[in-house]
Amino acid sequence: MDTWLVTGGAGFIGSNFVSLARKSGLARIVNLDKLTYAGNLDSLDRVQGDPDHIFVQGDIGDRALVAGLLATYRPQAIIHFAAESHVDRSIQDPTAFLTTNVLGTMVLLDGALAYWRTLGPQAAQAFRFLQISTDEVFGSLGPMDPPFTETHPFAPNSPYAASKAGADHLVRAYHETHGLPTLTTHCSNNYGPYQYPEKLIPLMILNARRKEALPVYGDGRQVRDWLHVDDHCEALCRVLAKGRPGSVYNIGGNCERGNLDLIGELCAALDALLPAGAPHKDLIKHVTDRPGHDRRYAIDAGKMKRELGWEPRMTLAEGLKKTVDWYLGHDAWVDAVCARGHAAWMETQYANRVAAPAGEGRA
Ligand code: NAD
Ligand code: TYD
């Protein structure tokens, strides 16, 4: 069986990926995660007791640790999820974003390169470094613009997106300069189980459940392309198995929604699963917009379909229902996350966001 070094495997997408990889017997997993506020061992309940899941608490920026793990476990691939991932936090303080997303990725690439150079020709040819990136590096689209393709120029607008773009450029450079067999994916907004509730969908579910306001930034007409995390993880397996070294792949849900429309669909799912007397959408409240808020993201995932035969499988209605069901049925996970600092974040981020007129927002 192959061994993969996964970074950030206690986060939202990483923990779903690790669970899928182990359930499908794809590889033994060495899971390197710093356990920041977003990392959570409770999210690894599906691999608890599995001897082929080895968890290591540590920082991707720790050179000695990275070198030691690569020398000890001799993986066939590195799958790099670890990152600071929330735009609003990057606006408050970008330091950790630059440290982990840029410098941490550089240390990981250095470790990967040194290790890769020790491999025999066959193993070196088969080795892969998979950089998990985001559509946010491409910046914002106008309403009639075609979706982002892999060659769309980078134009990041938030410190988070800028830090991911920096990391992506480094990955490209290590391939071009040193020949390291890298792969890069740009994915659209994910949703599903185990997502930290600072992000839109779980935040709205938890607030709705408590009958608290659903805070919509600005006019709520910003557009995102939504993909269920299971579909994303399957796409990543496809890229690992069949992607061409040095290539970039855009992964998306073919599912553009304005935020207000999405929240409306989510509220309808909540009304069905958790009848509350009044419709949940009555809780919607427009608040001060996010500075530099990107108006629209959309992904052209045609290359994934043409070259790797991948397409998203889950419909938004099905995915939202499953996600609402999951959050309503996992009180222990939610309560532990809230107790560990999420409540404090909600206070910092939302307490002083005054109600905004529904027309407010970037054109
Ligand atoms: P997340 O914030 O839920 O998880 C990040 C994980 O990385 C956490 O477990 C955290 O402890 C770990 N981590 C942070 N800094 C670390 C460090 N220095 N060393 C080791 N571990 C560290 O993030 P997510 O939503 O699961 O996103 C995973 C990746 O996918 C990120 O690279 C993100 O940019 C990318 N991405 C996310 C989305 C999305 O919608 N969530 C979409 C596209 C791409
Ligand atoms: P988010 O989940 O933070 O993802 P991203 O900013 O990476 O796309 O936000 C998704 C969209 O929802 C984005 O347009 C910002 C908006 N949003 C709100 O309107 N209210 C909120 O409380 C949050 C967290 C996000």
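Could you say which residue among Ala317, Ala332, Ala339 is more than 22 Å from the chain's Cα centre (by Cα), in a helix (DSSP H, G or I), aliphatic (A, V, I, L, M) and modelled with pLDDT of 95 or more?
Ala332
Within segment 177-207, how many residues are touching a residue at least 24 places away in the same chain (Cβ under 8 Å), in a helix (DSSP H, G or I) and either within 12 Å of ligand 1 (Cβ to nearest atom) or under 21 Å from His80 (Cβ atoms) (or both)?
Residues that pass the stated criteria total 4.
Given (1) within 19 Å of Pro159 (Cα to Cα); (2) surrounded by fewer than 15 Cβ atoms within 10 Å (Cβ to Cβ); (3) acidic (Asp, Glu), identify the lone condition not met by Asp88.
If we test Asp88 against (1) within 19 Å of Pro159 (Cα to Cα); (2) surrounded by fewer than 15 Cβ atoms within 10 Å (Cβ to Cβ); (3) acidic (Asp, Glu), just (2) comes out false.
Test Arg257 against the criterion of being near ligand 2 (Cβ under 9 Å from one of its atoms) and either among the small types (Gly, Ala, Ser) or part of a strand (DSSP E or B) (or both), and give yes or no.
Considered against the rule, which asks whether it is near ligand 2 (Cβ under 9 Å from one of its atoms) and either among the small types (Gly, Ala, Ser) or part of a strand (DSSP E or B) (or both), Arg257 comes out as no.
Could you please find all residues in segment 208-223 being within 15 Å of ligand 1 (Cβ to nearest atom) and surrounded by fewer than 20 Cβ atoms within 10 Å (Cβ to Cβ)?
Val223 - this is the single residue of segment 208-223 that is within 15 Å of ligand 1 (Cβ to nearest atom) and surrounded by fewer than 20 Cβ atoms within 10 Å (Cβ to Cβ).
Tell me, which strands (runs of 3 or more DSSP E) wholly within segment 1-66 include 1 or more residues that are within 8 Å of ligand 1 (Cβ to nearest atom) and under 12 Å from Ala82 (Cα atoms)?
The strands (runs of 3 or more DSSP E) meeting that bar are 3-7, 28-33.
Taking the condition of being touching a Gly at 6+ places or on another chain (Cβ under 9 Å) and more than 16 Å from ligand 1 (Cβ to nearest atom), how many residues in segment 268-292 meet it?
Final tally of qualifying residues: 6.
Of (1) among the aromatic types (Phe, Trp, Tyr); (2) more than 9 Å from ligand 2 (Cβ to nearest atom); (3) buried (at least 23 other Cβ atoms within 10 Å of the Cβ), Tyr191 satisfies all except one. Which?
(2)
Of all residues in segment 74-92 being away from ligand 2 (no atom under 16 Å from the Cβ) and within 20 Å of the chain's Cα centre (by Cα), which is nearest to Leu200 (Cα to Cα)?
Looking at residues that are away from ligand 2 (no atom under 16 Å from the Cβ) and within 20 Å of the chain's Cα centre (by Cα), I get Ala82.
Go through segment 241-270 residue by residue and tally those that are more than 25 Å from Leu320 (Cα to Cα) and over 17 Å from the mean Cα position of the chain (by Cα).
7
Against the condition surrounded by fewer than 16 Cβ atoms within 10 Å (Cβ to Cβ) and either touching a strand residue (DSSP E or B) at 6+ places or on another chain (Cβ under 8 Å) or over 25 Å from Arg340 (Cα atoms) (or both), how does Gln57 come out, does it pass?
Criteria met by Gln57.
Taking Glu198, is it among the charged types (D, E, K, R), under 17 Å from Phe12 (Cβ atoms) and in contact with a strand residue (DSSP E or B) (Cβ under 9 Å, 6 or more places away or on another chain)?
So Glu198 does not fit the description; no.
Taking segment 293-311 as the search range and keeping residues that are of a type in the set (A, V, I, L, M) and within 16 Å of ligand 1 (Cβ to nearest atom), which one is farthest from Pro202 (Cα to Cα)?
Met304
Mind listing whichever residues of segment 208-238 are assigned to a helix (DSSP H, G or I) and of a type in the set (A, V, I, L, M)?
Matches in segment 208-238: Ala208, Val229, Ala235, Leu236.
Which one of Ala112, Ala96, Ala71 is more than 17 Å from the chain's Cα centre (by Cα), assigned to a helix (DSSP H, G or I), among the small types (Gly, Ala, Ser) and surrounded by fewer than 17 Cβ atoms within 10 Å (Cβ to Cβ)?
Answer to the check: Ala71.
Are any of the residues in segment 175-183 within 17 Å of the chain's Cα centre (by Cα) and modelled with pLDDT of 95 or more?
Yes.
Name the residue that is surrounded by the fewest Cβ atoms within 10 Å (Cβ to Cβ), counting only residues in segment 157-176 that are within 11 Å of ligand 1 (Cβ to nearest atom) and more than 29 Å from Ala126 (Cβ to Cβ).
Tyr160
Testing Asp335 on (1) surrounded by fewer than 17 Cβ atoms within 10 Å (Cβ to Cβ); (2) under 24 Å from Glu212 (Cβ atoms); (3) in contact (Cβ under 8 Å) with a residue 12 or more places away in the chain, one condition comes back false. Which one is that?
(3)
Go through the residues of segment 118-128 one by one and say whether even a single one is within 24 Å of Ser163 (Cα to Cα), within 14 Å of ligand 1 (Cβ to nearest atom), crowded, with 20+ Cβ neighbours inside 10 Å and touching a residue at least 40 places away in the same chain (Cβ under 8 Å).
No, because not a single residue in segment 118-128 is within 24 Å of Ser163 (Cα to Cα), within 14 Å of ligand 1 (Cβ to nearest atom), crowded, with 20+ Cβ neighbours inside 10 Å and touching a residue at least 40 places away in the same chain (Cβ under 8 Å).
The values are calculated or read from the model by the stated rules, or taken from the named source; none is laboratory data. Since we're looking at a predicted model, the values are computed, not measured. No Cβ is skipped: glycine too gets one built from the backbone with ideal geometry, and neighbour counts run over all protein chains shown.
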